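Trainee: Just dropping this structure here.
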């Protein structure tokens, strides 16, 4: 058995039979949309260029040669390093309090150091959180060592 494609006449006769089975003998013409011509293009009205506001140069630019300009990034690094030194001092002081004094006296002193740091932090004193962190860690190390 070989597959033979139907001839165009067979396809046409099958389509005619299908049309007859639908019961429509007339073919409706395809309706086309009415095309209205577009209006002629209008040239855009010329617009005067607006002046662009240029921000003044940042004086803290890293390309400046003025040594009196403070760099924000350098200040942040210096503050972080000084804060870590301050936390180390507070921690060492907390440990030394527990080494030199009785436990009750050292606990009171470390609690006072921590309270001073929290009070300073509530008033937004710079580096006060470093002091508080160092005092708490030093107190814990001194108490449980």
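Trainee: Output needed for region 79-143: three equivalent-ellipsoid semi-axes, defined as square roots of 5 times the C-alpha gyration tensor eigenvalues, in descending order, whole Å.
Mentor: 21, 13, 6
Trainee: Next question. Give me 3, 20 ranked fewest to most by other Cβ atoms within 10 Å of their Cβ, as a rough exposure proxy.
Mentor: 3, 20
Trainee: Run the numbers on region 79-143 and let me know its relative contact order in percent, using alpha-carbon pairs under 8 Å that are six or more apart. Let's see the in-between values first.
Mentor: Details: 78 pairs, mean separation 33.9, N = 65.
Here the relative contact order equals 52 percent.
Trainee: Right, next: In nm, to one decimal, how far is the modelled label at residue 129 from the one at residue 105, with both set 7 Å along Cα→Cβ?
Mentor: Going by the 7 Å Cα→Cβ label model, 3.4 nm.
Trainee: Can you put 140, 113 in order of Cβ neighbours within 10 angstrom, beginning with the fewest?
Mentor: Result, fewest neighbours first: 140, 113.
Trainee: Just rank 16, 118, 52, fewest to most, by other beta-carbon atoms within 10 angstrom.
Mentor: In order of increasing Cβ crowding within 10 Å: 52, 16, 118.
Read-outs throughout are calculated quantities, based only on the coordinates presented, and are distinct from any laboratory measurement. Please read these numbers as outputs of a predicted model, since none were measured by experiment. As a convention, Cβ positions derive from the backbone with ideal geometry for all residues, glycine included, and neighbour counts pool all protein chains shown.
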